[in-house]
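Let me begin by presenting the structure, written as structure tokens, before commenting on it.
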Amino acid sequence: SDPIAVNATGALTGTVNGLTPQASNMQAHNLIINGDMRIAQAATSITTIGTGAYQACDRWRVQTNLNQTTHTWAQVADAPDGFKYSSKLTVGTGVAPTSGDFGRVYQRIEVQDAKHLQWGTSNPQPVTLSFWVKSSIAGQYGGVFSANGNGVYAFAYNVNQANVWEYKTYTVTNGMTTFGADSNDNGIGFGVCFDLGEGTSRSTTEGQHPTTSTGTMGLTGGVKILATSGATWQITGVQLEAGSTASPF
């Protein structure tokens with residue numbers, strides 16, 4: 001067997017027992033479902049963003065209370081090389097969030113799929129989030145990993161150039177000391193949330209906040225894309241995995 005590696009184009013090289021690894025046989029390590037936004041069974045586009053239902057692109061929830069009927073959330077055939085689709089927010093009439101306002105896109109992960117992370121124990125494992133993002137507004141953005149109950153870990157990422165696909169990774173090195181207390185294996189373990197317009201009382205500073213309510217899903221000082229009329233924000237290739245290094249999607 002030859003060592004497994006990733007070449008300059010992001011393709012896997014090498015063999016295991018004479019077989020070359022393919023994306024199809026590496027997907028189990030990704031805790032995110034439909035991270036490449038290819039599945040949109042309920043709808044490929046919505047023009048009224050609600051407060052709780054699964055909407056365009058399966059398993060992903062997009063929520064806001066800021067001018068819900070003026071924005072569009074859609075599966076679009078615009079993505080970086082290696083992907084076909086992304087999820088795209090197009091802001092209608094922008095509104096700056098205040099206090100308890102909210103705007104976010106997130107996915108919940110079941111307890112049974114995340115137990116190996118050992119979050120909530122004395123030995124929480126590191127995890128790495130990776131994704132591709134494209135936005136019409138450059139700047140620092142954020143989101144959170146949220147436990148079921150109290151506890152969030154806020155993360156930050158930078159969009160360096162407007163309207164260009166950029167690859168991002170973020171590692172929580174020391175894991176999280178809080179985790180979902182749900183006793184059901186298919187209950188909510190935790191969530192991965194991207195901030196689109198969280199208000200001041202729903203945002204926090206980067207890092208772990210073990211006693212903060214999981215209603216907090218934003219980054220203090222981060223770009224609130226829903227505040228700007230006509231702005232766009234897109235995401236695809238979302239992957240969450242154990243370990244401190246991002247692997248190919």
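The values are calculated or read from the model by the stated rules, or taken from the named source; none is laboratory data. All values reported here derive from a predicted model rather than from experimental measurement. Cβ placement follows ideal geometry from the backbone for every residue including glycine, while neighbour counts extend to all protein chains displayed. The accessibility values were calculated without ligands, DNA or RNA, using every heavy atom of the protein model including side chains. Shrake-Rupley method; radii C 1.70, N 1.55, O 1.52, S 1.80 Å.
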**Report entry** the range 102-144 - percent of accessible surface contributed by carbon and sulfur, probe 1.4 Å
**Finding:** 44 percent
Query raised in the report: Which value in nm describes the separation of the simple spin-label points at D58 and Q140, placed 7 Å from the Cα toward the beta carbon?
Result: 3.8 nm
Requested in this report: Determine the distance separating the Cα centre of the range 41-114 from the Cα centre of the range 157-217; give it in Å without decimals.
Outcome: 16 Å
Report task. Please work out the average accessible area per residue across the chain, using the 1.4 Å probe convention, and give it in Å². Result -> 43 Å²
Requested in this report: Could you compute the FRET efficiency for Q118 and N150, with r as their C-beta to C-beta distance and R0 at 22 Å, rounded to 0.05?
Outcome: 0.75
Report summary line: Note to self, the chain gives a 222 nm [θ] from helices alone (DSSP H runs n ≥ 4, -39500 (n - 2.57) apiece, / all residues, nearest 500) of 0 deg cm²/dmol
Requested in this report: State the number of lysine pairs found in the chain whose Cα atoms come within less than 24 Å, restricting to pairs 8 or more positions apart or on distinct chains.
Outcome: 8
Query - Isotropic mean projected area of the C-alpha convex hull, the chain (nm²) - result: 13.4 nm²
